[in-house]
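A quick write-up on the structure given underneath.
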Amino acid sequence: MELSRTLAARVLSYTLGATAAVNRGVRSADFFVIRYTSVPAILVEMGYLSHPIEGQNLRNPHYLDRISYGIARGILEYLENDHPFK
């Protein structure tokens, strides 16, 4: 669970840096898809389609590219610095 939280913090940091989105923090939940795994796992939510500004951003291909970049950079940073390779 702690590894997942560290991964989530890395991804959050890089996606916020790439998009300037609102920081809603890292939250924990008991979702099946992240509870029953033997590897660090996160779910990424980057806004609400029903929100007037976020909805427009989420329809913009360049904004989606920035989200993707932030997620990828966060994962790479986690793998390079935090993940205990065995």
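The values are calculated or read from the model by the stated rules, or taken from the named source; none is laboratory data. Note that this is a predicted model, so its numbers are computed, not measured. We place every Cβ from the backbone using ideal geometry, glycine too, and count neighbours over all the protein chains shown. Each accessible area value is taken on the protein alone, full model and side chains, heavy atoms only, with ligands, DNA and RNA left out. Shrake-Rupley method; radii C 1.70, N 1.55, O 1.52, S 1.80 Å.
A few points about this structure:
- Taking all protein chains into account, the per residue accessible area for the chain stands at 73 Å² (1.4 Å probe).
- Computed over the chain: relative contact order in percent, which uses C-alpha pairs under 8 Å that are six or more apart: 48 percent
- A full extension of the chain between His51 and Ser68 corresponds to an added length of 4.1 nm, given 0.36 nm per residue minus the alpha carbon distance.
- Cut-off 17 Å, label 7 Å out along Cα→Cβ of Val22, residues of the stretch 42-86 by amide N: 45-59
- For the stretch 4-15, Karplus couplings with θ = phi - 60° (6.51, -1.76, 1.60), whole Hz, Gly/Pro x: 5, 5, 5, 4, 4, 5, 5, 5, 4, 4, 6, 5
- Across the stretch 13-51, the residues whose backbone nitrogen lies under 18 Å from the label position 7 Å along the beta-carbon direction of Arg59 are 46-51.
- Vicinal HN-Hα couplings computed from phi for the stretch 67-84 (Karplus, 6.51 cos²θ - 1.76 cosθ + 1.60; Hz; Gly/Pro x): 4, 4, 4, x, 5, 4, 5, x, 5, 4, 4, 4, 5, 6, 10, 10, 6, x
- For the stretch 7-63, the set of trypsin sites (Lys or Arg not before Pro) satisfying both a DSSP loop assignment and a count of at most 15 other C-beta atoms within 10 Å is given as Arg24, Arg27, Arg59.
- Computed on the chain, the Cα convex hull volume stands at 100 Å³ per residue.
- Loop-located chymotrypsin sites (Phe, Trp or Tyr not before Pro) in the stretch 6-63 (DSSP state other than H, G, I, E, B) with a sparse environment of at most 16 neighbouring Cβ atoms within 10 Å: Phe31, Tyr36, Tyr48.
- Residues whose placed amide H lies under 5 Å from that of Gly47, excluding near-sequence neighbours: none
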